[in-house]
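What follows is calculated from the coordinates using simple rules that are stated; it is not laboratory data. Please read these numbers as outputs of a predicted model, since none were measured by experiment. Note that we place each Cβ from the backbone using ideal geometry, even for glycine, and neighbour counts take in every protein chain shown.
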Ligand SMILES: Cc1cc2nc3c(=O)[nH]c(=O)nc-3n(C[C@H](O)[C@H](O)[C@H](O)COP(=O)(O)O)c2cc1C
């Protein structure tokens, strides 16, 4: 499909779920997710943030292998099943993505993820920008037969990108994110 038709299609049809892949309260990942959402809304692309802080505390045990609870089912319906595309923003925890994200996938299963389009963004205070975690996530999503976008921004030394108001105002990073979004919308 031509590039501009892809963009129009996304603007009028696609629902993008932005997943903040940690349950750490006050995480910088959640702030990056907020920025992605704001930038998508500015160009009228429908989006919603799934913050793993909002998962039921016992979801891993009450929604695993045959058991389920209505609050978790509703969350999965809204943020996973009804989404066309995913932006997974993942912090680096011990050289990979957070365990809670893998637990979520193990509870959800791959049926409503396969063939959907996914892009990954790495966040870390270290210099790697979760490079390895994004490789691990790429392997996970490919195992689930999702399509992973090749451009994967790495937001390293993330704490240095925030101003005193707690916003990312670094012009190079903003340009990188805007460009990433433009290309992912057309993907
Ligand atoms: C459990 C845990 C493990 C972490 N491991 C790493 C790491 O391996 N490499 C790194 O650069 N930062 C690591 N960090 C720091 C995060 O990169 C930092 O907290 C950053 O702000 C992104 O995480 P956040 O979204 O939780 O804020 C770790 C943080 C936590 C809470």
(request) Just grab the label-to-label distance for residue 65 and residue 170, each label 7 Å out from Cα along the Cβ direction, in nm (one decimal). (result) 4.3 nm
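At a 10 Å Cβ-Cβ cut-off, how would you order 156, 150, fewest neighbours first?
Fewest to most other Cβ atoms nearby, the residues stand as 150, 156.
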(request) First check a/c for the chain, with a ≥ b ≥ c the square roots of the eigenvalues of its C-alpha gyration tensor; if it is under 1.5, answer rounded, and if not, answer prolate when a/b is larger than b/c or oblate otherwise. (result) oblate
(request) Compute the distance in nm between two label points, each set 7 Å from the Cα along the Cα-to-Cβ direction, one at residue 143 and one at residue 42. (result) 3.7 nm
(request) Output the relative contact order of the chain, whole-number percent, from Cα pairs under 8 angstrom with separation of 6+ residues. (result) 22 percent
(request) Going by C-beta contacts inside 10 Å, put 159, 136 in order with the fewest on the left. (result) 159, 136
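Suppose only helical runs count, i.e. DSSP H with n ≥ 4. What mean residue ellipticity at 222 nm does that imply for the chain under -39500 (n - 2.57) per run, divided by all residues and rounded to the nearest 500 deg cm²/dmol?
Values: 7 runs with 76 residues, N = 187.
Computed mean residue ellipticity for the chain: -12500 deg cm²/dmol.
Below 8 Å, C-alpha to C-alpha, sequence gap of six or more: please give me the relative contact order for the range 76-155 in percent. Could you put the intermediate results ahead of the total?
Values: 127 pairs, mean separation 28.7, N = 80.
Computed over the range 76-155, the figure is 36 percent.
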(request) Arrange 104, 131, 161 by Cβ neighbour counts within 10 Å, fewest through most, would you? (result) 131, 161, 104
(request) Report the label-to-label distance for residue 14 and residue 178 in nanometres (one decimal), using points 7 Å from each Cα along the Cα→Cβ vector. (result) 1.9 nm
